[in-house]
1. What helices in chain B pass both tests, a Cα length along the helix axis of 30 Å or more and a mean Kyte hydropathy of -1.0 or higher, using whole DSSP H runs?
2. Using only the Cα atoms, what convex hull volume per residue in Å³ does the protein assembly as shown have?
3. Given labels modelled 7 Å from the Cα in the Cβ direction, how far is it in nm from residue A:29 to residue B:6?
4. Quote the total accessible area buried by chains B and A together, excluding ligands, DNA and RNA, probe 1.4 Å, nearest 100 Å².
5. Give the residue list of trypsin sites (Lys or Arg not before Pro) in the range A:69-100 that are DSSP loop and have at most 10 other beta-carbon atoms within 10 angstrom.
6. Rounded if a/c is under 1.5, else prolate if a/b beats b/c, else oblate: with a ≥ b ≥ c from the C-alpha gyration tensor eigenvalues square-rooted, which is the range A:63-102?
7. Leaving out same-chain residues fewer than 8 places away, which lysines sit with a Cα under 26 Å from that of residue A:95?
8. Give me the percent of accessible area attributable to carbon and sulfur for the range B:4-83, probe 1.4 angstrom.
2 protein chains.
Amino acid sequence: MSESLRALSDIDRVIHEPARLMIVSLLYLSQQADFLWLLRQTELTKGNLSAHMAKLEQAGYVGVEKRFQGKIPQTLYRLTESGRNGFEQYRATLKRALDQSR
Amino acid sequence: MSESLRALSDIDRVIHEPARLMIVSLLYLSQQADFLWLLRQTELTKGNLSAHMAKLEQAGYVGVEKRFQGKIPQTLYRLTESGRNGFEQYRATLKRALDQSR
């Protein structure tokens with residue numbers, strides 16, 4: 001089998017999960033994003049989004065900043081450098097595998 | 001959010017699982033493949049490969065033929081038309097999403 005297909009065995013499952021792939025793609029495209037914006041964009045439930053963000057934080061892929069905008073609390077997320085690298089590597093691995101089957 | 005990212009919510013999880021993505025890609029590239037060949041190519045355990053093949057059969061994505069080559073039993077798999085279509089749709093959805101984040 002081609003190496004590009006076998007590489008799927010070691011794919012980063014933190015990023016591969018569909019909802020997290022959506023979240024990481026969104027964060028990759030924006031400098032930072034707040035929880036409520038992510039909630040609207042992804043159409044996940046609060047509980048699901050929280051769980052996915054916690055998993056991404058644990059993996060060191062996402063940094064969090066809590067602050068107030070006026071009296072309104074805001075939770076801001078951004079991809080860490082490790083998160084950007086992880087996503088770029090994931091994307092390259094998957095694209096190579098998908099191109100294999102053309 | 002772009003529709004191409006939101007489409008990840010509905011991605012076909014039968015195909016998305018990394019080992020099954022590897023198996024389906026292999027079957028897409030070959031007319032048919034026998035169990036032992038798939039075992040060598042994927043480096044999965046027998047139990048894991050069996051479980052994934054059963055899941056793909058249940059989804060209607062894979063057809064099975066059991067036969068004897070001389071005295072040796074052989075289990076042959078091929079993608080059904082629904083499996084080929086499912087894979088092509090999966091691949092297109094994922095590529096569009098990954099291209100989004102360039």
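1. On the way: long enough: none.
Span-like helices here: none at all.
2. On the way: hull volume 25.1 nm³, N = 204.
Value for the protein assembly as shown: 123 Å³ per residue.
3. Between residue A:29 and residue B:6, the label points sit 1.1 nm apart.
4. Working: alone 6810 and 6820 Å², together 10770 Å².
The buried area between B and A, both sides summed, comes to about 2900 Å².
5. A:71
6. Details: a/c = 9.09, a/b = 3.57, b/c = 2.55.
Prolate shape, in that a/c is at least 1.5 and a/b is the bigger ratio.
7. A:55, B:55, B:95
8. Working: 2070 of 4190 Å².
Ligands and nucleic acids excluded, carbon and sulfur reach 49 percent.
The values are calculated or read from the model by the stated rules, or taken from the named source; none is laboratory data. On a predicted model such as this, the values are computed, not experimentally measured, just so you know. With ideal geometry, Cβ positions are generated from the backbone for all residues, glycine too; neighbour counts draw on all protein chains shown. SASA here: full protein model, heavy atoms, side chains in, ligands and nucleic acids out. Shrake-Rupley method; radii C 1.70, N 1.55, O 1.52, S 1.80 Å.
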